[in-house]
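Presented below is the structure to which this report refers.
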Amino acid sequence: MSESGRDAWDPHQYRKFADERSQPFWDLVGLIQPSGVPGGGYGRCADLGCGSGELTAAVTDRLNIAEMLGVDSSDAMLAKARADVSEDEHRLRFARGDIAHWSGRGDHDLVIANASLQWVPDHAAVLERWWKALAPGGQLAVQVPANADHPSHLVATQVASTEPFLSAFNCLPPADPVVQNVLAPEQYALLLERLGAVAQHVRLQVYGHRLASSDEVVEWVRGTSLTRFTRLLSEELAAAYIAAYRERLLEAIGDEAPYFYPFKRILIWARKGD
Ligand SMILES: C[S@@+](CC[C@H](N)C(=O)[O-])C[C@H]1O[C@@H](n2cnc3c(N)ncnc32)[C@H](O)[C@@H]1O
């Protein structure tokens, strides 16, 4: 996420679909192999784009991680993380940082990034930096959405290209980061091979979310992809944008109850050689 504009991340809005959003996270964690350390557990780990931190804390417990750092650029998300999760000087800490440039000294057992990599460009260079942070035998686990071709995302761009929003964006509505940044699954596989992964697993998975109605899709994307528009608009214009989006979206997907929302995601896991 660029540093311009206000922080549009709203932990309350993002957590509205906490169960649906956490499912891919736990599927990703399921790809992580045992550490090989007697008694289990992992040493230094990072959760990049940790958001409001509840999954960071949960995985720290579940995998018996000795030292976890959650990194995020959103003050609102970090404040929520610090309010809800008790930081511990050694075991679990949160820090403000930019995951686009984050790296480490080759001493991390695990680098996890759930639903955050899509916000930054040049995945080949970013993954190379993340890979360098891994210790020998370290593991990388990344999940990115790949749903840019669903009307929920297409309509967002279409509405942003109409007035009065277009002028508010100086005729340049922010592009969909998933379209701009997310690669095809096989390209991630190739990148991992080039980085020297000794084992890898990359897959495209469709998560089928049964929402109460089509209208709930609006609530869903408000917490994520619409933030790139609303953060640049006045409160009044942001409300008008969401109203216009809702109208166009329901025309496109129908006003149904319940509504089945298929959501494609890429799960990426790899291990560095010992
Ligand atoms: C969709 S949320 C995912 C949060 C968390 N990983 C989860 O699964 O619940 C994406 C997070 O990435 C963070 N983010 C986006 N771009 C970032 C950047 N360049 N550096 C650090 N964090 C970033 C956002 O602030 C947000 O908290």
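The values are calculated or read from the model by the stated rules, or taken from the named source; none is laboratory data. Keep in mind it's a predicted model, so treat the numbers as computed, not measured. Cβ atoms come from the backbone with ideal geometry, glycine included; neighbour counts cover every protein chain shown. Side chains are part of the model used for accessible areas, which takes the heavy atoms of the whole protein and leaves out ligands, DNA and RNA. Shrake-Rupley method; radii C 1.70, N 1.55, O 1.52, S 1.80 Å.
Observations on the structure shown:
- Condition met for A76 (free of Cβ contacts under 8 Å to residues at least 60 places away in the same chain, within 11 Å of the ligand (Cβ to nearest atom) and not in a strand (DSSP E or B)): no
- Subset of segment 231-251 (residues that are surrounded by 14 or more Cβ atoms within 10 Å (Cβ to Cβ) and either closer than 30 Å to V198 by Cα or not basic (K, R) (or both)): L232, L233, L237, A238, A240, Y241, I242, A244, Y245, L249, L250
- Residue within segment 114-127 that is within 16 Å of the ligand (Cβ to nearest atom), among the small types (G, A, S) and crowded, with 19+ Cβ neighbours inside 10 Å present: yes
- When G51, G39 are checked against the criterion of being closer than 27 Å to Q200 by Cα and either more than 13 Å from the chain's Cα centre (by Cα) or in a helix (DSSP H, G or I) (or both), a single residue qualifies: G39.
- Residue within segment 212-222 that is free of Cβ contacts under 8 Å to residues at least 12 places away in the same chain and open to solvent by less than 20 Å² (accessible area, probe 1.4 Å) present: no
- Residue tally, condition more than 13 Å from the ligand (Cβ to nearest atom) and small (G, A, S), over segment 25-57: 7
The rows are residues; the columns are (1) at pLDDT 95 or above; (2) under 23 Å from W26 (Cβ atoms).
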| position | (1), (2) |
| --- | --- |
| M77 | no, yes |
| S86 | no, yes |
| F94 | yes, yes |
| G97 | yes, no |
| R105 | yes, no |
| V111 | yes, yes |
| D122 | yes, no |
| P145 | yes, yes |
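- Flag if R129 is more than 30 Å from L237 (Cα to Cα), over 18 Å from the mean Cα position of the chain (by Cα) and without any contact (Cβ under 8 Å) to a residue 60 or more places away in the chain: no
- Residues in segment 89-102 that are in contact with a helix residue (DSSP H, G or I) (Cβ under 9 Å, 6 or more places away or on another chain) and either near the ligand (Cβ under 9 Å from one of its atoms) or open to solvent by 50 Å² or more (accessible area, probe 1.4 Å) (or both): R91, R96, I99, A100, H101, W102.
- Cβ-Cβ contacts under 8 Å between residues 6 or more apart (or on different chains), taken from a first residue in segment 33-57 that is within 19 Å of R105 (Cα to Cα) and open to solvent by 20 Å² or more (accessible area, probe 1.4 Å) to a second residue that is away from the ligand (no atom under 16 Å from the Cβ) and of a type in the set (A, V, I, L, M, F, W, C), are listed as Y42/A66; G43/V37; G43/A66; G43/A135; R44/A66; R44/A135.
- Of everything in segment 58-73 that is more than 14 Å from the ligand (Cβ to nearest atom) and assigned to a strand (DSSP E or B), the residue that is surrounded by the fewest Cβ atoms within 10 Å (Cβ to Cβ) is A66.
- Test: residue in segment 166-183 that is open to solvent by less than 30 Å² (accessible area, probe 1.4 Å) and under 16 Å from L140 (Cα atoms): no
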